[in-house]
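Asker: Sharing a structure with you now.
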Amino acid sequence: MKEILMRKEPSPTAQRGIFLAGSVILFCIQIDFFSLNVAVPGIADEFGVTVSAAQWALSAYMLAVACWFIVGGRLGDIFGRRRILFAGISLFTAGSVGCALAPGLGLLVAARIVQGGGAGIVFPVSVAVISNAYPDETRARALGAVFGLANIGTALGPFVGGGLTGGPGWRWIFWLVASLSALALIVTVMYVPDSRDTSVPRQLDMIGCITVICSLAAFTVAVERGSVWGWDQTRTLTLLVVAVVTAGLFIWRERLAPHPLIDLRLFRNTPYLLVTSMGSVTNLGYAVTFFLATLYLQGVQGLSPMMAGVVFLAPSLLVALSGPLGARLGRRLQPMMVMLLAAWGAGTGMIALSYVTAWWLYVPAFAWCGLGLGLNWTYSNVATQQVVQPARAGEASGVLLTFLVTVGAIALAGTAAVITAMTPHRPPQDVYETILRFGGAAILAASVAIMAIHNRPVIYRKVPVAPTAGETHNATR
């Protein structure tokens with residue numbers, strides 16, 4: 001296996017520039033999404049549409065992000081991560097300006113698709129750029145710090161969104177994001193070196209791209225709109241069939257393509273598969289817990305949106321701190337042990353939340369849960385870079401992110417369906433508590449099962465494993 005192309009080892013100054021570019025653009029992506037959630041009612045009022053219609057500003061963005069994770073990561077591996085990162089940030093910046101200037105909902109949704117496509121490219125490529133800029137001994141620490149800074153956007157998002165929407169207007173969310181992403185674009189030009197997978201030609205598997213995008217798009221729309229349209233309605237079922245068929249075509253294509261979009265041997269890399277599985281299972285809790293917390297605090301406890309935001313501050317801050325904490329733990333523990341700690345923090349936190357009755361007791365329980373959920377999200381991205389070869393870092397990151405987002409969407413849709421089915425027969429608080437207990441117990445049980453597989457050496461002997469990062473690095477020295 002050839003080593004990736006790198007002009008020279010980045011200097012300390014270049015490494016700081018790469019770190020800054022990655023941190024700023026990932027911060028922009030996080031704050032953009034979490035701030036716009038609270039701006040949807042304001043968008044609906046300005047454009048004279050329903051809140052349900054305005055929700056497409058979020059749905060269209062998530063659809064574009066989910067569709068481009070895999071393609072974006074592999075684009076960087078094949079054509080060079082510097083130019084693809086530049087292209088992704090440019091798309092994200094242009095989409096942000098388009099959103100700020102949109103005269104109506106239709107153009108806003110179109111601009112959000114452009115913005116989401118840019119974010120879907122940027123996320124896996126920026127992870128790969130940072131992964132290739134730092135040596136093995138400092139890579140996890142650098143990635144953890146980047147995600148820690150990016151997760152500050154998660155913590156600040158609701159407050160920034162609420163403050164700007166209630167002040168100068170929701171459009172200033174996009175002007176803020178556009179300004180910061182333009183800074184990331186300048187730093188990228190100045191400091192980010194090029195790197196790519198030299199073992200494959202510079203050509204993209206277009207059939208693979210088309211089939212995977214069609215499958216993810218159909219599935220995302222079906223899951224997102226299924227509870228509104230009805231799960232037994234023709235259009236929902238049609239989209240699900242399209243998703244399954246195109247997914248089958250994608251797998252068939254990848255098995256035959258000389259240079260596939262995804263090397264299916266990646267799924268025979270047992271450490272990668274276990275990290276992705278643990279991360280996906282625990283990310284179920286992220287979607288479910290934050291969704292239910294919003295309903296519980298305002299619908300059951302009767303808190304105002306501002307007070308609910310104050311309660312959210314504690315878990316959001318611990319989500320931000322999970323980045324450097326994960327890096328520190330990663331220097332002392334194996335990746336799967338860090339993932340196990342994250343899963344147990346998330347699972348026990350969800351169960352604890354189900355027994356809390358006073359909102360002020362909700363804060364420490366929610367904070368503990370947020371620490372576990374944030375550690376899982378951060379360290380999933382870090383751990384995958386430790387168990388794959390550097391040349392395919394973007395591909396590995398894109399596949400992981402696709403799984404995390406898709407599983408989270410399924411969990412959210414399932415939670416909404418359960419609430420709709422159970423609320424007429426039981427009080428809302430009982431429904432929320434039941435879902436939290438079941439979800440927490442499921443995460444704990446799944447983590448035990450995954451660790452049992454991880455600790456069976458026979459698994460590694462029977463299943464062919466794609467080269468890991470360390471093996472490839474040692475072989476090419």
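Asker: Starting with the fewest neighbours, write out Asp136, Asp263, Asp197 ranked by other beta-carbon atoms found within 10 Å of each beta-carbon.
Answerer: Starting with the residue having the fewest Cβ neighbours, the order is Asp136, Asp263, Asp197.
Asker: Working from Cα positions, state the angle (0 to 90°, nearest 10) between the long axis of helix 393-422 and the longest principal axis of the chain.
Answerer: 20
Asker: Something else about it: Once Lys and Arg get +1 and Asp and Glu get -1 on their Cβ, which of Ile453, Ala342, Thr276 lies farthest toward the positive end of the dipole of region 262-477?
Answerer: Ile453
Asker: As I understand it, the dipole of the chain uses +1 on the Cβ of Lys and Arg and -1 on the Cβ of Asp and Glu, about the Cα centre. Which of Gly440, Pro427, Thr50 lies farthest toward its positive end?
Answerer: Gly440
Asker: Sort Arg196, Arg171 by Cβ crowding within 10 Å, fewest neighbours at the top.
Answerer: Arg171, Arg196
Asker: Then there is this: Magnitude of the Cβ-charge dipole of the chain, K/R +1 and D/E -1, about the Cα centre, nearest 20 debye?
Answerer: 1120
Asker: Within region 219-306, list the trypsin sites (Lys or Arg not before Pro) lying in a DSSP loop whose Cβ has at most 16 other Cβ atoms in a 10 Å radius.
Answerer: Those that pass, being in a loop and sparsely packed, number zero.
Asker: Suppose the chain between Leu256 and Ala53 were pulled fully straight at 0.36 nm per residue; how much longer would it get relative to their current alpha carbon spacing?
Answerer: Extra length available between Leu256 and Ala53 comes to 68.9 nm.
Asker: While we're on this one: Any idea what angle helix 56-79 forms with the longest principal axis of the chain, computed on alpha-carbon atoms, 0 to 90 degrees, nearest 10?
Answerer: Between helix and principal axis, roughly 10 degrees.
Asker: For the pair Thr434 and Tyr355, how long in nm is the line joining their label points, each one 7 Å along Cα→Cβ?
Answerer: 2.0
Asker: Give, rounded to the nearest 20 debye, the magnitude of the charge dipole that region 12-193 has about its Cα centre when Lys and Arg contribute +1 at Cβ and Asp and Glu contribute -1 at Cβ.
Answerer: 380
Asker: If you don't mind, another one. If you take the beta carbon distance between Ala442 and Ser11 as r and set R0 to 51 Å, what does 1/(1 + (r/R0)^6) give as a FRET efficiency, to the nearest 0.05?
Answerer: Working from the Cβ atoms, E equals 0.60.
Asker: Ser195's amide H: which non-local residues (gap 5+, or another chain) put their own amide H closer than 5 Å, with H modeled 1.01 Å from N in plane and none for Pro or chain starts?
Answerer: Arg81, Arg82
Asker: Here's a follow-up. Which order results if Ser11, Ser277 are arranged by neighbouring Cβ count within 10 Å, fewest first?
Answerer: Ser11, Ser277
Asker: Given points 7 Å out from each Cα along the Cα-Cβ axis, report the Leu101 to Asp45 separation in nanometres with one decimal.
Answerer: 2.6
Asker: So for the chain, averaging the separation of alpha carbon pairs under 8 Å that are six or more residues apart and normalising by length, what relative contact order in percent results?
Answerer: So the answer I get is 23 percent.
Asker: Does anyone have the angle between helix 171-191 and the longest principal axis of the chain? Alpha-carbon axes, 0 to 90°, nearest 10?
Answerer: 10
Asker: Provide the FRET efficiency to the nearest 0.05 for the Ser199-Ala452 pair, computing r from the beta carbons and using R0 = 35 Å.
Answerer: Given R0 = 35 Å and the Cβ-Cβ separation, E is 0.50.
Asker: Only Lys, Arg, Asp and Glu count, each charged at its Cβ (+1, +1, -1, -1), so figure out the dipole size of region 134-263 about its Cα centre, rounded to 20 debye.
Answerer: 280
Values quoted throughout were computed directly from the atomic coordinates according to the rules given, and no laboratory measurement underlies them. Just so we're clear, the structure is a prediction, and the values are computed from it rather than from any experiment. A quick note on method: Cβ atoms are made from the backbone with ideal geometry, for glycine too, and the neighbour counts reach across all protein chains shown.
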